[in-house]
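The values are calculated or read from the model by the stated rules, or taken from the named source; none is laboratory data. Bear in mind the structure is a predicted one, so any value in this text is a computation, not a measurement. No Cβ is skipped: glycine too gets one built from the backbone with ideal geometry, and neighbour counts run over all protein chains shown. Side chains are part of the model used for accessible areas, which takes the heavy atoms of the whole protein and leaves out ligands, DNA and RNA. Shrake-Rupley method; radii C 1.70, N 1.55, O 1.52, S 1.80 Å.
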Amino acid sequence: MSAEPVPAHPTGRGRPFDPPQELMEWQAREPLQRMRYPDEHVGWVVTSHELARAMLTDARFSARSEFKRAPVHRPGTEPFFGVPAAPGWLVDMDPPEHTRLRQQLAGQFTARRMRELRPRLTGIVDELLSAMERGGPGTDLVEAFALPLASQVICELLGVPSGDRAEFQRNSRILFNLTSTAADTSAALDRLYATMQDIAAGGGEPGETSGLLQALTEDGTLDTEEIAGVGVLLLTAGHDSTTGSLGLSVFALLSHPDELARLTADPSIVDNAVEELLRYLTVFHFGVPRTPLEDLEFAGRQLRAGDSITVSLSAANRDPRWFQDEADRLDLTRRTTGHVAFGYGIHQCLGQNLVRMEMRTALPALFQRFPTLSLAVPAENVPLSTDMSVYGVHRLPVVW
Amino acid sequence: MHVSVDTTLCIGSGQCALALPEVFDQDETDGLVVLLDAKPPRELHDDVDEAVNRCPVQAIATTAT
């Protein structure tokens, strides 16, 4: 028996774009090691790229919510441990339940459909940039750009009527804010479900834009509760992860002027630049939870049924054994293949190609419209959402 | 190079179809991979390897011909 205390998941960051240093030390020393959870359960954390991909493609590890422990406590909220997946929440399910839902949804998120959204994305981006320009020469880029872009796109995709969108956005923020009280979170969730069920049941004004919710309703395979669950899942995930990725990407580029200059000089590198930003920033900074359903051996260690495991995507994406050349450096033209910013395996992010299209459209357009864009406050005063389940900037004050 | 896909593994992530639409497409109903060209020309081989590497469920395989 080792007398050393088992550490908890770190949350403090020495530098805004780098994962907590402890994770990187663990990766170098012991990429599968014990970790203490907020309820004192002693489970595991995976920090290397190799083991992260191996675990996320190993069917012996379950994603079912009743076994999931979050590595970091969200004040005021109930842990989801012990609670089975809500209808439609495929992230909390294993095959075959997961497969059935995933196939219903994957057809709505094909690369072709995402490419076809491009003109609409360009339109939304241009409108937002023009509004910024009219109100300039300074703004909060999260409030004026990242958030409304993410919100408008996911709402259009789902088919949320424009009149409901402001309230949707409010409720989504309450839901994902780690400091929200349990009562507030639960009330916000109820309101989101109610509106989604309304849409799925064919509510809203006649002739309203048709989206994913209406398509699923017409298809008839999923019931109303499942469709509402899918809707809430996609809406909340779409808002926060896209807002986080966009806001943090702009902050990172403004903090790396040489890299930004490469992008503005040659916008044709944007696709790879987006992959590199996704890798470098990895906004799902508390990783993904997995649990073995039986006692088993993995990477030379004995794991017990029910052990909670956190697969750290942030650490895996900085693994020098995979990314080589200074994995901690932002390099917009490095080889990014294999990054796990969207996870890996059967649960890999459903909306990943949508996020890619949004970032590929938004970033070049932003810097083209405002070539002199810069931070309006010292970098150390940019408020970071270290407390949120999705990492990002709370606000990004800019001037041009 | 000969390319094959396994639709029992595929989850429709669309990584291959995004990276190389000349060779990979997706079914509009379930999003699963549709192989357009099992013997892609030599100049696309690097891109095929890239698609193999990006697939999150290893549903694409290649063999030398």
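Scan the range A:333-366 for residues that are of a type in the set (Val, Ile, Thr), assigned to a loop (DSSP other than H, G, I, E, B) and buried (at least 23 other Cβ atoms within 10 Å of the Cβ) and jot them down.
Of everything in the range A:333-366, just one residue is of a type in the set (Val, Ile, Thr), assigned to a loop (DSSP other than H, G, I, E, B) and buried (at least 23 other Cβ atoms within 10 Å of the Cβ), namely A:VAL340.
Which of the residues that make up the range A:88-109 are within 11 Å of another protein chain (Cβ to nearest Cβ) and part of a loop (DSSP other than H, G, I, E, B)?
Passing the criteria: A:PRO95, A:GLY107, A:GLN108, A:PHE109.
Given the condition within 14 Å of chain B (Cβ to nearest Cβ) and either modelled with pLDDT under 95 or crowded, with 20+ Cβ neighbours inside 10 Å (or both), answer yes or no: does some residue in the range A:72-87 qualify?
Checking the range A:72-87: not a single residue is within 14 Å of chain B (Cβ to nearest Cβ) and either modelled with pLDDT under 95 or crowded, with 20+ Cβ neighbours inside 10 Å (or both).
Quick one: how many residues across the range A:235-258 are part of a helix (DSSP H, G or I), open to solvent by 20 Å² or more (accessible area, probe 1.4 Å) and more than 14 Å from A:GLU358 (Cα to Cα)?
Matching residues across the range A:235-258 total 5.
Quickly run through the range A:259-269 and pick out the residues that are of a type in the set (A, V, I, L, M) and open to solvent by 70 Å² or more (accessible area, probe 1.4 Å).
A:ALA265
When you scan the range A:361-382, do you find a residue that is within 21 Å of A:MET132 (Cβ to Cβ), touching a residue at least 40 places away in the same chain (Cβ under 8 Å) and within 14 Å of chain B (Cβ to nearest Cβ), even just one?
For the range A:361-382, residues within 21 Å of A:MET132 (Cβ to Cβ), touching a residue at least 40 places away in the same chain (Cβ under 8 Å) and within 14 Å of chain B (Cβ to nearest Cβ): absent.
If you go through the range A:22-38, how many residues are in contact with a Lys or Arg (Cβ under 7 Å, 6 or more places away or on another chain) and open to solvent by 20 Å² or more (accessible area, probe 1.4 Å)?
The number of residues fulfilling the criteria is 1.
One line per residue, one yes/no per condition, for (1) open to solvent by less than 20 Å² (accessible area, probe 1.4 Å); (2) within 7 Å of chain A (Cβ to nearest Cβ):
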position	(1), (2)
B:SER4	no, no
B:GLN15	yes, no
B:LEU20	yes, no
B:GLU28	no, yes
B:ASP46	no, no
B:ARG54	no, yes
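Scanning for something buried (at least 16 other Cβ atoms within 10 Å of the Cβ), more than 14 Å from chain B (Cβ to nearest Cβ) and closer than 23 Å to A:MET388 by Cβ, does the range A:52-62 turn up at least one residue?
no
Restricting attention to the range A:110-120, does a residue exist that is more than 14 Å from chain B (Cβ to nearest Cβ) and open to solvent by 30 Å² or more (accessible area, probe 1.4 Å)?
yes
Which residue out of A:VAL142, A:VAL125, A:VAL45 is touching a His at 6+ places or on another chain (Cβ under 9 Å), open to solvent by less than 30 Å² (accessible area, probe 1.4 Å) and part of a helix (DSSP H, G or I)?
Step by step, each of A:VAL142, A:VAL125, A:VAL45 is checked, and only A:VAL142 is touching a His at 6+ places or on another chain (Cβ under 9 Å), open to solvent by less than 30 Å² (accessible area, probe 1.4 Å) and part of a helix (DSSP H, G or I).
Please note which helices (runs of 4 or more DSSP H) are completely contained in the range A:270-332 and include at least 3 residues that are at pLDDT 95 or above and crowded, with 23+ Cβ neighbours inside 10 Å.
Where helices (runs of 4 or more DSSP H) fall fully within the range A:270-332 and carry at least 3 residues being at pLDDT 95 or above and crowded, with 23+ Cβ neighbours inside 10 Å, they are A:270-281, A:313-316.
Report, ordered by the first and then the second residue, all pairs with beta carbons closer than 7 Å, sequence separation of six or more or different chains, a first member in the range B:36-48 that is under 13 Å from B:CYS16 (Cα atoms), and a second member that is part of a helix (DSSP H, G or I).
B:ASP47/B:ALA19
Name every residue in the range A:333-358 that is over 13 Å from the mean Cα position of the chain (by Cα) and within 16 Å of A:VAL390 (Cβ to Cβ), in order of residue number.
A:GLU358
For the range A:367-382, which residues satisfy the criterion of being assigned to a loop (DSSP other than H, G, I, E, B) and in contact with a strand residue (DSSP E or B) (Cβ under 7 Å, 6 or more places away or on another chain)?
Across the range A:367-382, the qualifying residues are A:LEU373, A:ALA376, A:VAL377, A:VAL382.
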